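Colleague: Here it is, the structure, as structure tokens.
The values are calculated or read from the model by the stated rules, or taken from the named source; none is laboratory data. Predicted model, so just to flag it, every value in this text is computed and none were measured. Neighbour counts are summed over all protein chains in view; Cβ atoms, including those assigned to glycine, are modelled from backbone coordinates with ideal geometry.
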Amino acid sequence: MNARAALFDVDGTLLDSNELHVKAWRRAFADFDIHISTQQLRGQMGNGGDRVVKALCSPDQAESLGKELIQRHVDIFTRDYLHRVRPFPCVRDLFQRLRDDGVRIVLASSAQQWERDRHIEILGIGHLLDGATTGDEIDHTKPRPDIFHLALRGLPDVSPRQAVVVGDSPYDAQAGRRAGMQVVGVLSGGFEKRVLWDAGARMVFRDLEDLLESYDASPFAQDPIVSKEPRMEGRPKRAAPRFPATKGRAFRPA
């Protein structure tokens with residue numbers, strides 16, 4: 001079945017921001033005298049903020065400090081790192097190709113509304129979107145499927161089987177599969193391809209540029225190449241770095 005909608009994760013998929021979030025999280029934890037390694041935090045990128053805290057803190061710490069830790073991370077990231085965030089190459093070119101093929105595009109963002117809008121501004125793709133979520137209307141963060149259910153809600157004529165999730169983390173893949181959708185993984189967030197395959201990605205590309213160049217072998221192609229096993233697509237390229245939010249209103253383009 002040809003894809004009729006593409007639901008995109010943002011951090012690590014469209015925006016080169018994961019390492020900046022790692023730095024902000026480390027500083028937030030340190031402010032509460034909790035010392036977490038860079039490697040531990042890298043393995044949590046793509047996970048919901050509440051789950052990051054639970055994964056890396058003791059139960060008592062998570063209970064007493066969880067909300068403050070999450071807010072401290074947001075404050076540090078916004079003040080010191082958001083201005084350094086840049087898009088990955090070929091985001092707009094890929095979105096234009098999808099639009100030309102009649103594929104609807106939604107950002108499945110768990111950010112707050114103001115941050116989501118800033119992301120759209122940085123990416124320069126507002127005119128290509130059919131919608132964008134925030135986290136304010138979901139009860140559970142990834143790897144639960146709430147954010148992808150919300151993203152698809154604005155496209156009532158598209159079924160989960162006709163939607164493809166594109167994300168960089170195993171949490172994206174797990175959430176997409178639980179939502180009944182196909183999942184395409186990208187290595188731009190730093191996770192290894194086997195991690196994404198094991199989490200449920202049908203195909204794994206090195207980045208969005210790879211996906212665009214291998215478009216005819218992707219689930220978005222009019223006559224996609226079908227494989228029974230997950231596979232790596234796209235041209236050889238430099239290796240990706242290795243390491244293994246919150247509730248929103250849906251964005252509607254003007």
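Colleague: Which pairs turn up if I take residues in the range 18-38 that are part of a helix (DSSP H, G or I) and look for partners that are surrounded by fewer than 14 Cβ atoms within 10 Å (Cβ to Cβ) and among the β-branched types (V, I, T) with beta carbon separation below 7 Å, at least 6 apart in sequence or on another chain?
Modeller: Partner pairs satisfying both residue conditions: V22/T38; R26/T38.
Colleague: Would you check if R118 is surrounded by 14 or more Cβ atoms within 10 Å (Cβ to Cβ), at pLDDT 95 or above and of a type in the set (D, E, K, R)?
Modeller: Considered against the rule, which asks whether it is surrounded by 14 or more Cβ atoms within 10 Å (Cβ to Cβ), at pLDDT 95 or above and of a type in the set (D, E, K, R), R118 comes out as yes.
Colleague: While we're here: Within the range 151-179, can you find the residues that are of a type in the set (A, V, I, L, M, F, W, C), surrounded by fewer than 24 Cβ atoms within 10 Å (Cβ to Cβ) and over 13 Å from R104 (Cα atoms)?
Modeller: A179
Colleague: Can you list residue pairs whose Cβ atoms sit under 7 Å apart, with the first residue in the range 191-211 being within 16 Å of G46 (Cβ to Cβ) and the second being of a type in the set (K, R)? Count only pairs 6 or more apart in sequence or on different chains.
Modeller: E192/R242; G200/R177; V204/K193
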